[in-house]
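Okay, so here's the structure we're looking at.
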Amino acid sequence: MEKQLELYDVTIIGGGPVGLFTALYSGMREMKTKIIEFLPFLGGKVPYFYPEKIIRDVGGIAKISGIGLTEQLIEQAKTFDPTIILEQQATTLQKLENGNFIVRTQTGEEHYTRTIILATGFGALKTIKLGLPEAPVYEKTNLHYFVRERERFRGRKVIISGGGNTAIDWANELEPIAAEVSVVYRKDAFPAMESSVTKMQHSSVNIFTPYSITGLTGNGEAIAEITIENVKTGEQKILPLDDLIVNHGFEIDLGTISEWGCDMFDGVIKVDSTMQTSIPGIFAVGDIAYYPNKLHLIAGGFNEGPIAVNHAKQHIAPNEQLETLFSTNTDRFSD
Ligand SMILES: Cc1cc2nc3c(=O)[nH]c(=O)nc-3n(C[C@H](O)[C@H](O)[C@H](O)COP(=O)(O)OP(=O)(O)OC[C@H]3O[C@@H](n4cnc5c(N)ncnc54)[C@H](O)[C@@H]3O)c2cc1C
């Protein structure tokens, strides 16, 4: 079966911050590396949950936005040109007699590898989408499930659907720069931080509660207006817009990885001091890895990746010496 599949030394499952840094180190160790990521973009929780928030606890970087750190990590991860597969969720594992593995994804694709490093966070990040049949048509234009760059909405008429922290934070962030911001939420009270809700209520944001979106009208390319319905009275309103942002929450789905046979603890995967799981050749790093006193911080994952890579290398070539590798050299930066 493996005959036509290209064999990789390391397959990193999850392209979050820890998976990305692990890919750099794997490249430094001259391991043929592949990253498989479920989302259509790299960076994991950082661009997903806090693209514009400021991170201050990564060593050597006084402060950087989530998206800024993500861009740096992607550039760094690509240094040794790993294969990057997006929009695939690793689902099944097959261990072959020769000790290698085949990982299958939800698309049916197979990935052949000597070792695996799980960098899945707590699982695949799955956005809860707008439950209207016409919605997917507009996802490439003005129906947004993520806000990566607030400037994209400058001068635009924006409607946000949702009442949680993300929805309210974006309403407050976009209010000063958008032409108009409206929030549509199906309940009367917002389950978000009180101070953020108060700020929104005292701003120019138009609030529609308890309403939910029942229809999208557009030309097949972009939404021009939405229909909202009062969930108590059935009264309908038509609201014109330039952009619709839907923040209906998310699910975190570790899926079948929890059935691969790795010893687990409280929903995450136990590792030893080499970051190896209970299955030889499979390692775990970042939020998914459990050991006593584990910290769920990006900086912690940056240490775990190199440890896993070094031991993955030793798994492949047991006689190879385990060395600490430094990246410093005398090459001039090309830019
Ligand atoms: C709001 C918020 C603020 C935070 N602020 C900070 C901070 O300031 N400093 C800090 O250090 N930490 C912070 N954290 C924590 C930090 O974001 C996490 O510790 C870090 O993202 C973990 O990185 P990771 O790569 O292990 O996992 P993740 O970032 O979760 O990335 C895992 C990736 O794997 C993918 N994936 C999962 N399963 C599969 C599968 N089966 N197949 C393919 N892909 C899969 C996911 O889609 C995801 O993209 C914050 C977290 C949150 C939620």
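When both bridge partners sit in the chain, DSSP labels roughly 50% of those beta bridges antiparallel.
Each of HIS315, ASN100, GLN276 was placed along the dipole of the chain (beta-carbon charges, centred on the mean Cα), and the one lying farthest toward the positive end is GLN276.
Show me the ranking of peptides 72-79, 248-255 by mean Cβ neighbours inside 10 Å, starting with the highest. Mind showing how you got there, number by number?
Details: 72-79: 17.6, 248-255: 14.8.
Result, highest mean Cβ count within 10 Å first: 72-79, 248-255.
Restricting the GluC sites (Glu not before Pro) of the stretch 114-181 to loop positions (DSSP other than H, G, I, E, B) with no more than 14 neighbouring Cβ atoms within 10 Å leaves GLU134, GLU139, GLU149. Spin-label model, GLU251 to THR274: label points 7 Å out along the Cα-to-beta-carbon direction sit 3.7 nm apart. For the stretch 153-307, the number of Lys pairs with C-alpha atoms closer than 19 Å, counting only pairs eight or more positions apart or on separate chains, is 5.
As an exercise, take the mean of 1/r over every pair of distinct alpha carbons in the chain, invert it, and state the Kirkwood radius in angstroms.
Values: mean 1/r = 0.0458 Å⁻¹.
Mean inverse Cα-Cα distance, inverted, gives 21.9 Å.
Rank MET31, VAL10, LEU20 by how far each Cα sits towards the positive end of the charge dipole of the stretch 1-156 (+1 on Lys, Arg Cβ; -1 on Asp, Glu Cβ) and give me just the farthest. Of the options given, the answer is LEU20.
Among complete DSSP H helices in the chain, those whose alpha-carbon atoms stretch at least 24 Å along the helix's long axis and whose mean Kyte-Doolittle hydropathy reaches -1.0 are 298-316. Placing unit charges on the Cβ atoms only, positive for Lys and Arg and negative for Asp and Glu, gives the stretch 1-140 a dipole magnitude near 340 debye about its Cα centre. Applying 0.36 nm per residue to the separation of GLN4 and GLN201 and subtracting their alpha-carbon distance, the gain on full extension is 64.9 nm.
Within the stretch 129-248, DSSP assigns beta bridges of which about 45% are antiparallel (rounded to the nearest 5).
The mean of 1/r over all pairs of different alpha-carbon atoms in the stretch 129-248, once inverted, gives a Kirkwood hydrodynamic radius of 14.2 Å.
For the chain, with all protein chains in place and a probe radius of 1.4 Å, 49% of the accessible heavy-atom surface sits on carbon or sulfur. Rolling a 1.4 Å probe over the heavy atoms of the protein chains gives the chain an accessible area of 50 Å² per residue. What you get for the chain, charging only the Cβ of Lys and Arg (+1) and of Asp and Glu (-1), is a dipole of about 340 debye around the Cα centre. Ranked by the mean number of other Cβ atoms within 10 Å of their residues, highest first, the peptides 83-91, 190-198, 6-14 fall in the order 6-14, 83-91, 190-198. Here the dipole of the stretch 129-248 is about 120 debye; that uses its Cα centre as origin and unit charges on the Cβ of Lys and Arg (positive) and Asp and Glu (negative).
From Cα pairs below 8 angstrom and at least 6 apart in sequence, can you work out the relative contact order of the stretch 129-248, rounded to a whole percent? Show your work: numbers first, answer last.
Values: 253 pairs, mean separation 39.9, N = 120.
Once normalised by length, the contact order is 33 percent.
Quick one: compute the contact order of the stretch 1-159, relative version, from alpha carbon pairs under 8 angstrom and 6+ residues apart, as a percent. Averaging sequence separation for qualifying contacts and normalising by length gives 28 percent for the stretch 1-159.
Starting from the stretch 172-235, pick out the trypsin sites (Lys or Arg not before Pro) whose DSSP state is loop and whose Cβ has at most 15 other Cβ atoms within 10 Å.
Numbers: sites: ARG186, LYS187, LYS199, LYS232; in loops: ARG186, LYS187, LYS232.
Those that pass, being in a loop and sparsely packed, are LYS187, LYS232.
Can you give the helix-only mean residue ellipticity at 222 nm for the chain, where every DSSP H stretch with n ≥ 4 adds -39500 (n - 2.57) and the sum goes over all residues, rounded to the nearest 500 deg cm²/dmol? It lands at -6000 deg cm²/dmol.
When peptides 279-292, 57-70 are ranked by their average number of other Cβ atoms within 10 Å per residue, the highest-first order is 279-292, 57-70. Sequence-distant contacts, meaning Cα pairs under 8 Å at least 6 residues apart, place the relative contact order of the chain at 18 percent.
Remark: the stretch 231-246, residue by residue, has Karplus-estimated 3J(HN,Hα) of 5, 9, 9, x, 4, 10, 9, 10, 10, x, 7, 9, 9, 10, 10, 10 Hz, where x stands for each Gly or Pro and the curve is 6.51 cos²θ - 1.76 cosθ + 1.60 at θ = phi - 60°.
In whole angstrom, note down how far apart the Cα centers of the stretch 26-91 and the stretch 274-335 are. Cα centroid of the stretch 26-91 versus Cα centroid of the stretch 274-335: 15 Å apart.
The values are calculated or read from the model by the stated rules, or taken from the named source; none is laboratory data. Here the structure is a predicted model, which is why all the values come from computation and not from measurement. Counting neighbours? That spans all protein chains shown, and the Cβs are built from the backbone with ideal geometry, glycine included. Keep in mind that these areas ignore ligands, DNA and RNA; they rest on the heavy atoms of the full protein, side chains included. Shrake-Rupley method; radii C 1.70, N 1.55, O 1.52, S 1.80 Å.
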